[in-house]
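The values are calculated or read from the model by the stated rules, or taken from the named source; none is laboratory data. If you're wondering where the values come from, they're calculated on a predicted model, not measured in any experiment. Cβ: placed from backbone, ideal geometry, glycine included. Neighbour counts: every protein chain shown. Ligands, DNA and RNA are stripped out before the accessible areas are found, and what is left, the full protein with its side chains, is counted by its heavy atoms. Shrake-Rupley method; radii C 1.70, N 1.55, O 1.52, S 1.80 Å.
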Amino acid sequence: MLELNETHEPTLESWVHSANDGVSDFPIQNLPFAIFRRNPNEVFRGGVAIGDQIVDLLQLRNADVLAADLRPVVAAAAKPELNEFMAMGGSAWSSLRLALSRALRAGSELEHSLSACLVSQADVEYKLPCKITDYTDFYTSIHHATAVGSLFRPDNPLLPNYKWVPIGYHGRASSICISGHSFPRPLGQLKGPDDEVPVLAPSKRVDYELEMGIFIGLGNALGSPIAIAEAENHVFGMCLFNDWSARDIQAWEYQPLGPFLAKSFASTISPWIVTLEALTPYRLAFARPEGDPQPLPYLSSEQNTRAGAMDIQLEVLLQTQNMKAKGEAPVSLSRSNFKYSYWTVAQLVAHHSVNGCNLQPGDLLGSGTQSGPEAGEFGSILELSHGGKQPITLPNGETRTFLSDGDTVVLRGFCASPNAVRIGFGEVAGTVLAAPAIA
Ligand code: MN
């Protein structure tokens, strides 16, 4: 478990003034990583966000102004993919974070050198932060599992394994794209309850899923499980994750082996990875509700009980085609919080590897849709529209049961605590387009 250190100090301010305004997602206490370039003539390279700027790590590597022992670390983080930097482990991640925190602080003697390495976030395009080696999606919100279970199986909403097993399935890494991504409405087999046979047609029930993405940094050898006490040492950081889903394809195909084409057509992640170290001030105790079984010993540790959960506030927003045409901003559909997750990040890593499965630098774990316990804290439109039976009405009068062509969904997330500076994840946006013609 990472401890608070000088990089979390709430009084720290940067000589990059936009980092100090109290509303930026990227104050000096955050320092998340992304891969970017300014134009197609440049190579993609690693960067660290500070206010509305990016420290260009390729320029920083060439400037060579940090301590000599950081040269291989900066060189790895400057590459077009972060996998090599992720594989270096916690001491490398922390030493670069500390050096950047000191160099970006108000009064730093490196201000002149570092200011030559700054690029405006307004001037760049992002790509996936690493090669996503594998992708596993979990199902950690008991509120989502119960709400969706009651739509799919009214008589048996929460299956008996839920409170014992962190439920997951192996997803598709190749269709994960960076924020700004648009994709055609998927085709698939649809069969309503009263239809005699299925038909191939565009999904009528395209949905978003409000999730956190968890990036593995250090892997484990095949056959060597990661103990829960070690699990967080293997996690590089977290991002926002929209796991687009076609509910009608899902309903017909999901038994007996789980989701397949209902999920594999698209997922979208935010460009910035917030490190686990930056999230330290927002940790919460992990506890089971009264009467629920305690996790098995391999899913339990003193530190997981003390601070395994995370207070990450989440929001879903929608901007329809009509709203875009009129220049109207996205409107909020719901808010939730990652603290409601039934399983912690450490438990997901320990469970994933307990059978000997090897995790690798650049693996992505989805948290599952993060719905909360209160009305309106739904992480999918399936839940907001009660399975498509009760359309939601937007402020401009448009209604939705599921997503329409041209709809853009935006997810945002941030952490706030009385004893720490607010940090954010930026946002992830993605757009549903019209379905392709059926050949
Ligand atoms: Mn999902």
Review point. Out of curiosity, is GLN250 in the same structural domain as ARG185 (by TED's automatic domain parsing) and either modelled with pLDDT under 95 or within 14 Å of the ligand (Cβ to nearest atom) (or both)?
Key: yes
Practice item. Go through segment 118-160 and count every residue that is away from the ligand (no atom under 16 Å from the Cβ), of a type outside the set (Val, Ile, Thr) and in contact (Cβ under 8 Å) with a residue 60 or more places away in the chain. Key: 12
Check your understanding: For segment 362-382, how many residues are touching a residue at least 12 places away in the same chain (Cβ under 8 Å), more than 15 Å from SER332 (Cα to Cα) and surrounded by fewer than 23 Cβ atoms within 10 Å (Cβ to Cβ)?
Key -> 2
**Study point:** Filtered residues of segment 213-262 (kept if under 24 Å from ASN304 (Cα atoms) and free of Cβ contacts under 8 Å to residues at least 12 places away in the same chain)
**Key:** GLU230
Review point. Of all residues in segment 321-363, which are among the β-branched types (Val, Ile, Thr) and either outside any helix (DSSP H, G or I) or more than 21 Å from the chain's Cα centre (by Cα) (or both)?
Key: VAL331, THR344, VAL354
Practice item. Could you please let me know if LEU60 is open to solvent by less than 30 Å² (accessible area, probe 1.4 Å) and in contact with a Pro (Cβ under 8 Å, 6 or more places away or on another chain)? Key: no
Review point. Are any of the residues in segment 260-281 within 16 Å of the ligand (Cβ to nearest atom), surrounded by fewer than 16 Cβ atoms within 10 Å (Cβ to Cβ) and not charged (D, E, K, R)?
Key: yes
Practice item. Return the pairs, sorted by first residue and then second, in which the second residue is surrounded by fewer than 12 Cβ atoms within 10 Å (Cβ to Cβ) and part of a loop (DSSP other than H, G, I, E, B), the first residue lies in segment 181-201 and is modelled with pLDDT of 95 or more, the beta carbons are less than 8 Å apart, and the residues are 6+ apart or on different chains. Key: PRO184/ALA434; PRO184/PRO436; ARG185/ALA434; LEU187/PRO436; LEU187/ILE438; LYS191/VAL197; LEU200/ILE438; ALA201/ILE438
Review point. Looking only at residues in segment 77-95 that are free of Cβ contacts under 8 Å to residues at least 60 places away in the same chain and over 18 Å from CYS130 (Cα atoms), which one is surrounded by the fewest Cβ atoms within 10 Å (Cβ to Cβ)?
Key: SER91
Point to revise | Residues that are among the small types (Gly, Ala, Ser) and part of a helix (DSSP H, G or I), drawn from segment 225-264 | key: ALA229, ALA231, ALA251
Exercise for review: Within segment 311-325, track down each residue that is open to solvent by less than 30 Å² (accessible area, probe 1.4 Å) and over 30 Å from TYR282 (Cα atoms).
Suggested key: THR320, MET323
Practice item. Scan (1) open to solvent by less than 50 Å² (accessible area, probe 1.4 Å); (2) at pLDDT below 95 for the single condition PRO256 breaks and write down its number. Key: (1)
Practice item. Collect the residues in segment 107-117 that are in contact (Cβ under 8 Å) with a residue 60 or more places away in the chain and open to solvent by 40 Å² or more (accessible area, probe 1.4 Å), keeping them in residue-number order. Key: GLY107, GLU111, SER115
Check your understanding: GLY219: more than 15 Å from the ligand (Cβ to nearest atom), within 24 Å of THR140 (Cβ to Cβ) and not in a strand (DSSP E or B), yes or no?
Key -> yes
Review point. Could you say whether any residue in segment 288-297 is over 24 Å from ALA251 (Cβ atoms) and either within 23 Å of the chain's Cα centre (by Cα) or in a helix (DSSP H, G or I) (or both)?
Key: yes
Check your understanding: For segment 229-253, what are the residues that are open to solvent by less than 40 Å² (accessible area, probe 1.4 Å), closer than 30 Å to PHE26 by Cα and of a type in the set (A, V, I, L, M)?
Key -> ALA231, VAL235, MET238, LEU240
Practice item. Run SER270 past the list (1) at pLDDT below 95; (2) touching a Gly at 6+ places or on another chain (Cβ under 6 Å); (3) among the small types (Gly, Ala, Ser) and report the number of the one that doesn't hold. Key: (1)
Review point. Can you find a residue in segment 380-390 that is part of a loop (DSSP other than H, G, I, E, B), in contact with a Cys (Cβ under 8 Å, 6 or more places away or on another chain) and not assigned by TED's automatic domain parsing to the domain that holds TRP93?
Key: no
Exercise for review: Considering each residue of segment 176-191, count those that are surrounded by 17 or more Cβ atoms within 10 Å (Cβ to Cβ), assigned to a loop (DSSP other than H, G, I, E, B) and not basic (Lys, Arg), and give that number.
Suggested key: 2
Exercise for review: Mind telling me which of the residues GLY388, GLY397 ends up being farther than 24 Å from SER179 by Cβ and open to solvent by less than 40 Å² (accessible area, probe 1.4 Å)?
Suggested key: GLY388
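Could you tell me how many of the residues in segment 111-169 are basic (Lys, Arg) and under 20 Å from GLN294 (Cα atoms)?
The number of residues fulfilling the criteria is 1.
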